[in-house]
Amino acid sequence: MNAKDLFGSLKGIVVDTRTKQPIVGARISLWPTLLRDTTDSSGGFSFHEVLVGYHDIEVVATRYWKRIFPSVVIKSGINEDCVLEIEYCENLQ
């Protein structure tokens, strides 16, 4: 097994569940790693050289409910793409 076979990558976009508009500045955490990212001006994020296996993705954004996407599979040498939807909370302070 080659060392590069132990890693994959993940990229995606965070959008509002209702409007499907990108969310800028959302904080993305990839558990159980210590990898973190913040969405860019188009709602995009990316993680490179992620150990293959199952990871939970936590998304936190101002005025939105925190959401955890459990058991996302990272495969060897594959660049996974995803769209993560989170729900706006009008009553959240």
Out of the range 39-57, which residues are out of contact with any Ser or Thr (no Cβ under 8 Å at 6 or more places or on another chain), of a type in the set (Ser, Thr, Tyr) and open to solvent by less than 50 Å² (accessible area, probe 1.4 Å)? Thr39
Please work out if Glu85 is modelled with pLDDT under 95 and either open to solvent by less than 60 Å² (accessible area, probe 1.4 Å) or not in a strand (DSSP E or B) (or both). no
Given Arg36, Arg27, Arg18, which one is in contact (Cβ under 8 Å) with a residue 24 or more places away in the chain, under 13 Å from the mean Cα position of the chain (by Cα) and open to solvent by 30 Å² or more (accessible area, probe 1.4 Å)? Arg27
Residue tally, condition within 14 Å of Thr19 (Cα to Cα) and out of contact with any Ser or Thr (no Cβ under 7 Å at 6 or more places or on another chain), over the range 64-89: 5
Residues being assigned to a strand (DSSP E or B) and either within 13 Å of Ser29 (Cβ to Cβ) or among the aromatic types (Phe, Trp, Tyr) (or both) - total across the range 41-69: 14
Output for Cβ contacts, cut-off 6 Å, separation at least six or different chains, first residue closer than 15 Å to Thr38 by Cα in the range 60-86, second in a strand (DSSP E or B) and among the basic types (Lys, Arg), reads Val60/Arg27; Ile86/Arg67
Do we find that Gly8 is part of a strand (DSSP E or B), small (Gly, Ala, Ser) and under 11 Å from the mean Cα position of the chain (by Cα) in this structure? no
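The values are calculated or read from the model by the stated rules, or taken from the named source; none is laboratory data. It should be emphasised that the depicted structure is a prediction, and the values quoted were computed from it without experimental measurement. When we count neighbours, we look across all protein chains shown, and the Cβ atoms used for this are built from the backbone with ideal geometry, even at glycine. Just so you know, the surface numbers come from the protein's heavy atoms only, side chains and all, with ligands and any DNA or RNA stripped out. Shrake-Rupley method; radii C 1.70, N 1.55, O 1.52, S 1.80 Å.
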